[in-house]
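> The structure follows.
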Amino acid sequence: MSDTPPASPATDTPGPSAAGEAPLLAFADCDLVGINNAMMLVLNRHNGNQQIMAPQVVEGLKTCSTFRPLAEHAAHLAATRPELKGQRETALSALENVLAGGMLLPARDILARLQQPAPSPRAATRVFIITCDRPASLQRLLESMLQAGNLSQHNALMVVDDSRDAANREANREAVVNFNLRSAKDMLYVGPQAQQALLDGLVARLPEHQSGIRFLVDAARWRDEPSYGRSRTLCLLFSVGYRAIMMDDDVLCQAIHSPLQDAGIGIGSGGLRKAAFYASQAELMRSGRPADFDPLSGHASLLGSSLGHCLHTLNNGPLAEAQLRDVNAALANVLCSDSPVLVTQCGSLGDPGTGNAHWGQYLGEDSVARLAAAPQGVAAALQDRLNWLGSSRPNIFKMPFMSQVTGLDNSRLLPPYFPAFRGEDALFGAMLVSMHPRSVALEYPWSVPHLPLEPRAFDLDAPVPAGGGIPLFARYLTERIDYHDALDPQQQLDALAQEALRTAARSDTTLVADYRAELARGHAEQLYILQNQYHGARQLGAPQWQAYLQRRIEEVQGFLSSAQSPAAMAGSPGDTAEAGALAGFRELARGFAAGMNAWVATREAASALVEELVDSGTLRPL
């Protein structure tokens, strides 16, 4: 990824790091070409070097994927490779030969690439609250915003109302009116009238794209479905050219420092959010220290910045080589100082915001230990929504998801959300990284209180394995992202639309086979995670957690051992036959492809239309 000419083998061999520390190295970014049973050609993309190795050597090197000193890699190989029989010196000698051949990636090369660039101007921010039939929650959030600080620093504040009940819409409008009586910055109300005005204006200006526009934003099209993604797409259309900060309606506009704090910056560790568990609401709310900033200014602080500037700011200076220890080298090797921070996220205090009760299986060792020791027991700890889930230090990673307050740099071309059903955040993240493979996401080490007012019940007895749906397609796209792609974002979006059409054009037999294979890959990954957790639970001495995992393992094994049908996909009616489910999938895929094909023109038209709606007073809640 660097524009620097390839180094010679002599300069590829790093000397001692600062203060005499051993340099950090890893095996990464190499193409492997099998020649025969005894030889494999390894091509290093980082520096152009190549070397023929024995296949068993390559298999060992593939496990040296994080930055560590050479001696530690040698100890790892001696302990895990049967052919080495525990001989560290033999492993070290082999690694030294590989290093001399220029086949290992030095961490110092990554540091050189991540030097801080000059800060660049960033777009103004627009703040959005997404609400649906929860007027009491909206009123509580608006009240907390009045206490939060200087709302006038944002270009606009908007409530996007997707409520189905007319009385709730009226209550939401009144809440915005009352907010404006006390706020120095007025809140705009994007209710049914404003949404219809935007839709009518877009269709009038872009009649050739009518079907795609209606698929993405027409409320009537999705009246009977949970349309989380449609509301988020509206936020994008009302913020073209701005940085958008989206808030769920059941949070408080407060920033709380994470109750667990770790030093440094995590790079590539976004998938390992940490968790803590509390026995009461009072204990929960005492767990974190209030920040001296509000979450809106907190998100805006680094959203849209370059990675180099972001790292320098978070670290209060340049990174040291030691800070790359244990970082995945393949991920680090696709980062550059000008990689844009397109998404910012934060943690949750209270309800973890997960789709089901089985979120514990993805936690790291320290969080699992806290779960196993929870005084209310494992089941209650996962179900009672008295949790903290977030980052204990700033985390930089590639694949974003959705937190209860999320920042998006919409001054760049971002994809639309799939308008309905669950999993829209996973698909949006996969599409965003496909369009911007050099971009990164940042999760801050602070949280917002996420305290739903309505009763919610997690069902720990519900099956673990997912039945496909939107997350399955997101997985499919994620597996095919090429982080070295250099196409511009619009070309990448066009390619995603074509992929949706290509998939929809496959025969029923092929689609069913594709579905089963992709679902099985997901279940196999889930089984691997569960089995690793089970092994850890035995060592931890956590019988409740161990029993839970054993049941989940048996469930996933059952799914893997039987043929799965697309009729069970999430979003399909319970009585849908397989042919009907496939027909429904094709309709959705073609509709979303039409929306993607219309998206660039829709954004351009929306930019002017939104300003007309603001100037005309259509967004005033009067």
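> Could you check region 577-622 and list, in sequence order, the residues that are free of Cβ contacts under 8 Å to residues at least 60 places away in the same chain, within 16 Å of LEU202 (Cα to Cα) and charged (D, E, K, R)?
Matches in region 577-622: GLU611 only.
> I've got another one for you. Name the residue, out of ASP384, ASP351, ASP425, ASP366, that is charged (D, E, K, R), under 25 Å from ARG126 (Cα atoms), in contact with a strand residue (DSSP E or B) (Cβ under 9 Å, 6 or more places away or on another chain) and surrounded by fewer than 24 Cβ atoms within 10 Å (Cβ to Cβ).
Of ASP384, ASP351, ASP425, ASP366, the one residue that is charged (D, E, K, R), under 25 Å from ARG126 (Cα atoms), in contact with a strand residue (DSSP E or B) (Cβ under 9 Å, 6 or more places away or on another chain) and surrounded by fewer than 24 Cβ atoms within 10 Å (Cβ to Cβ) is ASP425.
> Within region 194-204, is even one residue modelled with pLDDT of 95 or more, within 33 Å of the chain's Cα centre (by Cα), surrounded by 15 or more Cβ atoms within 10 Å (Cβ to Cβ) and in a loop (DSSP other than H, G, I, E, B)?
no
> In region 484-500, which residues are surrounded by 17 or more Cβ atoms within 10 Å (Cβ to Cβ) and either within 21 Å of the chain's Cα centre (by Cα) or of a type in the set (A, V, I, L, M, F, W, C) (or both)?
PRO489, GLN492, LEU493, LEU496, ALA497, ALA500
> Looking at this structure, is GLY298 on the phi > 0 side of the Ramachandran plot and at pLDDT 90 or above?
no
> Pick from GLY241, GLY229, GLY264: which is within 25 Å of SER439 (Cβ to Cβ), in contact (Cβ under 8 Å) with a residue 12 or more places away in the chain, in a helix (DSSP H, G or I) and not hydrophobic (A, V, I, L, M, F, W, C)?
That would be GLY229, the only listed residue that is within 25 Å of SER439 (Cβ to Cβ), in contact (Cβ under 8 Å) with a residue 12 or more places away in the chain, in a helix (DSSP H, G or I) and not hydrophobic (A, V, I, L, M, F, W, C).
> Could you tell me whether TYR444 is buried (at least 18 other Cβ atoms within 10 Å of the Cβ), out of contact with any Asp or Glu (no Cβ under 6 Å at 6 or more places or on another chain) and in contact (Cβ under 8 Å) with a residue 60 or more places away in the chain?
yes
> Which condition from (1) without any contact (Cβ under 8 Å) to a residue 24 or more places away in the chain; (2) small (Gly, Ala, Ser); (3) not in a helix (DSSP H, G or I) is the one that GLY468 breaks?
(1)
> Return the only residue of ARG385, ARG412, ARG393 being of a type in the set (D, E, K, R), touching a residue at least 40 places away in the same chain (Cβ under 8 Å), in contact with a Leu (Cβ under 7 Å, 6 or more places away or on another chain) and over 24 Å from LEU527 (Cα atoms).
After applying the criteria, what remains is ARG412.
> Just give me the residues in region 116-153 being among the basic types (Lys, Arg) and either within 30 Å of LEU335 (Cβ to Cβ) or part of a strand (DSSP E or B) (or both), in sequence order.
Within region 116-153, ARG122, ARG126 meet the criteria.
> Now a separate question. List, please: which pairs have Cβ atoms under 8 Å, are six or more places apart or on different chains, and start with a residue in region 278-300 that is within 14 Å of LEU451 (Cβ to Cβ) and end with one that is in a helix (DSSP H, G or I) and not acidic (Asp, Glu)?
TYR278/LEU284
> Please identify the pairs in which a residue from region 484-499 that is free of Cβ contacts under 8 Å to residues at least 60 places away in the same chain has its Cβ atom under 6 Å from the Cβ atom of a residue that is surrounded by 15 or more Cβ atoms within 10 Å (Cβ to Cβ), counting only partners at least 6 apart or on another chain.
ASP485/PRO437; GLN492/SER434; GLN492/MET435
> Among the numbered criteria (1) at pLDDT below 85; (2) out of contact with any Asp or Glu (no Cβ under 8 Å at 6 or more places or on another chain); (3) over 20 Å from TYR228 (Cβ atoms), which one does ALA601 miss?
(1)
> Would you confirm, using the coordinates I've provided, whether VAL334 is outside the structural domain of ARG68 (by TED's automatic domain parsing), buried (at least 22 other Cβ atoms within 10 Å of the Cβ), among the aliphatic types (A, V, I, L, M) and under 22 Å from ALA430 (Cα atoms)?
no
The values are calculated or read from the model by the stated rules, or taken from the named source; none is laboratory data. As the structure is a prediction and not an experimental result, all values here were calculated from the model. Positions of Cβ are backbone-derived with ideal geometry, glycine not excepted, and every protein chain shown enters the neighbour counts.
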